[in-house]
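Visitor: Dumping the structure here so I can ask a few things about it.
Where a number appears in this text, it was derived from the coordinates with a stated rule and is not lab data. As the structure is a prediction and not an experimental result, all values here were calculated from the model. Quick reminder, even Gly has a Cβ in these numbers, built from the backbone with ideal geometry, and neighbours come from all protein chains shown.
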Amino acid sequence: MTHNDMLRTVCGLLRGLDRASLATVLPGELAGWPYASLVLVAVDHDLSPILLLSDLAEHTKAIQADGRVSLLFDGTGGLDQPLTGPRATVLGHAGRTADDRLKARFIARHPDAALYAGFRDFSVYRIALQRAHLVGGFGKISWMDAAELAPPQVAGLAEAEPGIVSHMNEDHADAVQLYAEKLIGLAGSGWKMTGIDPAGIDLRLGGQVARLDFDAPLQAADQARKILVSLVAKARAAA
């Protein structure tokens, strides 16, 4: 596995998983002790993890005292020998944000979060990545820094994303279903698109999430329609 392959694997884990193990450093009576917890996560266009946390949670109290955190993205589920599978630990600084776009992206990824996202004790946190450590299996281990991980950005795509996602789900639900069935090989009906970024699209059906990467990254926001149409043609050909 080359270093570029490892970079792609880390990006794939962060984009493809909707939960992670969060490690923080406890304050107060247990100061200095590491604390691990399960969190739901979304990822922004620049690969920054996004969390929606309650002020009452122990991990939130820890972040407020010390913003240094790590997240473990575990891609070994379902493997007979989990230690042969990929997992990535990312390190970064977590900070509260009032950015409505990030909140909307999290809720799109986790629709049920809309039930409590407006509560006063819930806030959105963005994690500014510093480094990542990939274990891609035996002997496939590497550290990488934030500059290596940062994907190219496409001006205007993040702002256009809600409209694109809404349009696809409301007017082209059949196309989204084709993406899931024919291009990814997923079962079940009613798949929804939850996000689009320069590298691909995110899908969800109930508790399942899926990722469909583009053959080549978008270079401009107005390319989104063209590539989504081309994916429909590809899916129909596969059918």
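Visitor: Express in whole angstrom the spacing between the alpha-carbon centres of the stretch 213-239 and the stretch 98-167.
Guide: Each part reduced to its Cα centre gives a spacing of 22 Å.
Visitor: What nm value, rounded to one decimal, do you get for the distance between Leu38 and Arg96 when each label is placed 7 Å out toward the C-beta?
Guide: Those two pseudo-labels are separated by 2.7 nm.
Visitor: Taking Rh as the Kirkwood radius computed over C-alpha pairs, what is the Stokes-Einstein D of the stretch 125-211 at 4 °C in a medium of viscosity 1.567 mPa s, expressed in µm² per second?
Guide: Estimated diffusion coefficient is 84 µm²/s.
Visitor: Helix 3-16 versus the longest principal axis of the chain: what is the Cα-based angle in degrees, 0 to 90, to the nearest 10?
Guide: 90 degrees
Visitor: Once Kirkwood radius over Cα pairs in Å is worked out from the coordinates, which option in [x] 25.5; [y] 17.5; [z] 18.8 does it equal?
Guide: It is the value labelled [z].
Visitor: Additional query: Please turn the phi angles of the stretch 153-158 into ³J(HN,Hα) values with the Karplus equation 6.51 cos²θ - 1.76 cosθ + 1.60 (θ = phi - 60°), one per residue in order, whole Hz, x for glycine and proline.
Guide: 9, 10, 4, x, 5, 4
Visitor: About the Cα centre, and with charges only on the beta carbon of Lys, Arg (+1) and Asp, Glu (-1), how big is the dipole of the chain? Nearest 20 debye, please.
Guide: 220 debye
Visitor: If amide H atoms are built 1.01 Å from N in the plane of the peptide, which residues on other chains or at least 5 residues away come under 5 Å of the amide H of Ala117?
Guide: none
Visitor: So which chymotrypsin sites (Phe, Trp or Tyr not before Pro) in the stretch 132-236 end up in coil per DSSP with only 11 or fewer other C-beta atoms within 10 Å?
Guide: Sparse-neighbourhood loop chymotrypsin sites (Phe, Trp or Tyr not before Pro): Phe138.
Visitor: With only Lys, Arg, Asp and Glu charged, each at its Cβ (+1 for the first two, -1 for the last two), find how big the charge dipole of the stretch 157-238 is about the Cα centre; round to the nearest 20 debye.
Guide: It works out to roughly 280 debye.
Visitor: Here's a follow-up. Can you spot the lysines whose alpha carbon is less than 16 Å from Lys234's alpha carbon? Ignore those fewer than 8 places along the same chain.
Guide: By straight Cα distance, Lys234 reaches Lys182, Lys226.
Visitor: Using the Cα centre as the reference, give the magnitude of the dipole from point charges on the C-beta atoms of the stretch 74-184 (Lys, Arg: +1; Asp, Glu: -1; all else neutral), rounded to the nearest 20 debye.
Guide: Computed about the Cα centre, the dipole is about 460 debye.
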